[in-house]
Every structure is written in structure tokens, then in C-alpha cells.
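Working notes, structure below.
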Amino acid sequence: MEAPPYPRNEVERLSTLRSYSVLDTEEEAAFDRIVHMAQSICHTPITLVSLVDDHRQWFKARIGLVASETPRDISFCGHVVFGAETLVIENTLEDARFRDNPLVVGYPHIRFYAGAPLRAPSGHILGTLCAIDHRPRQLSSEKRMQLEDLAHVTMTQLNLQRQISMREKAEQDSRNANAFLETARKTQRNFFEVSLDLLCIAGFDGYFKELNPAWTDTLGWSLKELYSRPFIDFVHAEDRETTVREAQKLARTREYKAVKFVNRYRTREGDYRWLMWSGTQNPDGTAIIAAARDITTLKAQEARLTAECDAAEEANLAKSTFLANMSHELRTPLNSVLGFTSLLLRNAGQRFLDRDLDLLERVHKNGQHLLSMIDEILDLSKVEAGQTTLEKGPVALSELIEEIQDELAERFTAAENTLRISVPTNLLPIEADARRLKQIIVNLVVNANKFTKRGAIEIRVCATDSTPVRIDVVDTGIGIPKMKQQQIFGAFRQASEGTSRRYGGSGLGLAISRTLSELHGFELGVVSREHEGSTFYLKLAPGVRTPTHRSSSESAPSDIQSMGSTPDST
């Protein structure tokens, strides 16, 4: 047996067949009449309208056959689909292709077959109109032509039904689309009506074409009044230029592009409401569609907040100015107390008991601490009040740091800490206010000493080609949690309340140091590892690298130890 081969255009052929939507449909009188006519022409017991899909041949109409379909690989009609011509087999037992075919050796015992192709307008063969007999026979050329004509009629009927089906589907699709559009229009209208925002369609002639009720609710004008005048008439005089400019943008563009702006619209009572607009062209480019939101309350809140911020800023400036001007009044009585206690301590002799001397020393010590805190507060106030000016000049860092080392020696001894200095030789001077730069470094060193016990603090100067580029103050103290490392530079802020109670201090030293650094154009920052110490760094030039924290017990960086042109590597 020879199975029917597949034509080269099989994929396209099957697509065409499925487009008719005829497979597995109910019997129809038109096709039943066709098979009866074929039977009358050919005088065969079996006539079929057979449609061949990818795995079977299915019979749209049939006479003399019980089965509604048979496999494609044993079908006779499959050969017609491949050959695209009428196929007549007078005796299947004498044809090598079919003599052992299951439909020949078994039911329905085919001996004669004549099949005319059902050719679609695209040229694809969809199936056959065929006549079958149980005995060998011949088919005259006249009857063959009649069978082919009847196959053409069958195809005409299929095409007609396809057109009807397509038209019905198109009509249904149109009805569905119209229903969808109607629903969409109703939904849009409902949205248009209930929106709290002001929605509008405006023409390029400057008049409103459609407005929602929110306009009347917000501005008080009736829709008739709003339609009757150019919309620019309702805009505040100061906002008309902006409004016209934005409308002209939309008139010029031919692509979807939204414009956003704010203006004021006059109400019927004569006051104005702030409106925030977003608008674009409608799809056909014939009008502007836009939505406006009433932000009058928001604007009032914004104005109130601005006024409150300005007032707070003025109050803060007044406070800072007051404290800065109070410098003499606050220091004078405290200096007198310290002077008297110093005099008494120098001339105590045998006139005081040990207990009295101890109390006197406490008064003197606490007075010095209080004076230091007052100095810090006044210093910060002067900076905030803009009363701090820098007196810049060349500063030799090696000499400045030696001076700091000598002044703080007693503090380090009391805390059982050691202070190390790592400064390259032959450093060039830097341009700075020597007193303020010293204040910055002293604050950093004192801070490091306060949070380090029985450890080491190191002042490191990093240089490039003998030019100082960064100063690091490194300690082996308690360290700072990462999330607190920026917080500590705020005024009156320390890493935690417990830190303030345990270690003391006003929390102003780092805030003052950062402000003074910024006045110089320097950058003050910190890197730290909790429980492993901190590195506070002062960058003296832009683009300098941020260091990583390295304990002072570790070896100093090579650029600190070298004497000349080694670039900064920390």
C-alpha cells in the first residue's frame, strides 16, 4: 500500500481548510443534494463530499457509507489532494498503490474510485467529491466532466457559506464593538460627570467645548457662562501669558505630549482658585483635552509653611546673634570666678583645710568646664549668625601639630593614652586660618582621647609631592555604629544618650569643626568600625581619597613615612 504523500504547501492548505469552519459540522441539505446528484451521474452505491485535514478524511455528506471519517494515510482522497487532479481507478486490485489497502481488502471493499478535487480560490485542494463502487467499472469522459462540474458546485457552496459566515461574524463583531464603544462612552461620561477634578475639552479657538460639573462646583460659574467667553478671560492677569504659551505648545505639536502648569482662575464671587493643569491634544489633533486639580488649599498650606520656615529662620538667626553678642556678658562673670579661685588656690597656704582646698579645686575645675562649653556654644552661634570670618595665611602643619601635642599632653596622661604624630618632613605650608585650623584638629584629638581608654591616638598627615592633602586623627577607642556616623556632626548630637552621660561633652565640637572646615573649603568626615576605633579625616583638597580605618597600632601608610613625592594611598 502506498500512503498518500503531503503536498508542499500543506501548512497553507490546512490553514485555508480551517478558515471555512466546516469540519465536524452538522449535515446540511445542500451537500446532501450534491452527493445524490453525484450518485445519479456515476451510478455508484457510495458517494462522498470528503474534506482532508492533517490526520483524517472527514465526510461532510455521504451516501452508502456508515463511517463519518477514515484515516488519511489509507485514504484515496489524500492522493487527489497531493496530485491536484481528478483521480479515476477502474480496478483497485490491479493498482499496486491500493491492492492491499485496508479499504480494499476489508470494508467497504473498494474496487472502483473516482474523485474530483475541491479546489479553493487560493488553489489549495481541500478534499474531493468522490464516487465509489464495490466492483470494477469504467467512467466515461462525459461523466468525469459532470463529476468535476459538480465538485465545482460543491466548492461554490462552501465559498458561499464561508462568505455568509464571515459576514455574520463581521456583523457580530461590529455589534460587539458598537456595544463596547457604547459602554465605554457611558463609562467615560459617568467618569466625566463624577470626577472631582475639572475636566475639559477646549478648541484651538480659545473656547471651551465641553466641561464637567466640577467646574461649576469649584468656580461657581454656570457651564453656559463658561462656554460663552474665551477661557483666557477667567485666568488671572499675571498667569495669562503662561496659559497662552502652554496652549500654543499643544497647538503646534502633532504627537502625544502632555503639558503641565499652574494658573489661577477667577470664581463667580471674584476671588481666585489655584489650578494645576495637565493637558494634551485629542487623538485627531483638533482640540485640547485637559484636567485641572484645585490646589488652592495646598498653596495656602505651602505659603503658611514658607512663612513659618522664614519666621523660624529669623528666630534662629536672632538667637544666634543674641548669643554671639552676649559673649562678653557671659564670659566676664565666669572669668572673675575662675580668677578668684586661682588666686585663692595660689595663696592658700595653711589657711584652708584639705577639705576646703578640695572643694575650691572642684569649683575651679567645673568653672573651666563651664567656660569651655560657653565658648563652644558662642562659637557655634557666631558661625550660624554669619559673624565668623577667616584670617587666612600660610600655616606650617608640622609646627601646628607639635604645638597641639604639647598643649594636650596632660590630658593624654590623665586618660592613660598615648599620642603619636606621623608627619612627613619638608611639608609645604597650606593656606588656612591657623587659629581655626588648630581648633578643628584640637576638637578631633580631644574627642578621640575622650572615647579611648588606655589606647593610642595618632595624628597622620598625608601628602602628595610635599603638599599636604589630608589630615587623619586615628584612635583605638569605642568606634561609632555606621548608622550614627553622620548624626554626630549635628549640633548637640552624640552617638547616643548613654554616650553623653558616660563621657560628657556638649556635642558641639564636631558640629563646629565641620562648619569651620566648610568655611575653609575642606571636607570633614569619619570612617569607623564599632569597638575597633575611628578615623576622622580632614580633606584639604578636592578629589582626595577617603581613608579606610587603620588602627594607630598598625604600621603607618607608606605615604606618611616617605619624605617627598609619594602620592596619597590611604
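Charged side chains reduced to their Cβ positions (Lys and Arg at +1, Asp and Glu at -1) give region 1-117 a dipole of some 100 debye around its Cα centre. Per-residue Karplus couplings for region 172-178, computed as 6.51 cos²θ - 1.76 cosθ + 1.60 with θ equal to phi - 60°, are listed in order as 5, 4, 5, 4, 5, 5, 5 Hz, Gly and Pro entered as x.
The heavy atoms of Met155 present about 10 square angstrom of accessible area, all protein chains included, probe 1.4 Å. At the residue level, Trp221 shows approximately 30 square angstrom of accessible surface with a 1.4 angstrom probe and all protein chains present. The phi torsions of region 412-419, fed into the Karplus equation with coefficients 6.51, -1.76 and 1.60 and a -60° offset, translate into couplings of 5, 5, 5, 8, 6, 10, 10, 10 Hz, rounded to whole numbers, with Gly and Pro shown as x. Ranking of Tyr227, Tyr537 by solvent-accessible surface, largest first: Tyr227, Tyr537 (1.4 Å probe, protein heavy atoms only, all chains present). Less than 5 angstrom separates the built amide H of Ile110 from those of Val104, all sequence-distant by 5 or more or on a different chain.
Evaluating 6.51 cos²θ - 1.76 cosθ + 1.60 at θ = phi - 60° for every residue in region 389-405, the Karplus couplings come out as 10, 9, 10, 7, x, x, 10, 8, 4, 4, 5, 4, 6, 4, 4, 5, 4 Hz, glycine and proline recorded as x. Shown are Lys60, Lys143, Lys249, whose ranking by accessible area with a 1.4 Å probe and every protein chain present, most to least, is Lys249, Lys143, Lys60. Other residues whose C-beta falls under 13 angstrom from the C-beta of Ala415 contribute a net charge of +1, scoring Lys and Arg +1 and Asp and Glu -1.
Distance from the Cα centroid of region 276-306 to that of region 72-103 is 78 Å (rounded to whole angstrom).
The H on the amide N of Val262, modeled in the peptide plane, is under 5 Å from the matching H of Trp277, each at least 5 residues off or on a different chain.
Around the Cα centre of region 60-102, unit charges on the Cβ atoms of Lys, Arg, Asp and Glu (plus for the first two, minus for the last two) sum to a dipole of about 220 debye.
The values are calculated or read from the model by the stated rules, or taken from the named source; none is laboratory data. Quick caveat: nothing in here was measured; it's all calculated off a predicted structure. Cβ coordinates were reconstructed from backbone atoms using ideal geometry, including for glycine residues, and neighbour counts include every protein chain displayed. Keep in mind that these areas ignore ligands, DNA and RNA; they rest on the heavy atoms of the full protein, side chains included. Shrake-Rupley method; radii C 1.70, N 1.55, O 1.52, S 1.80 Å.
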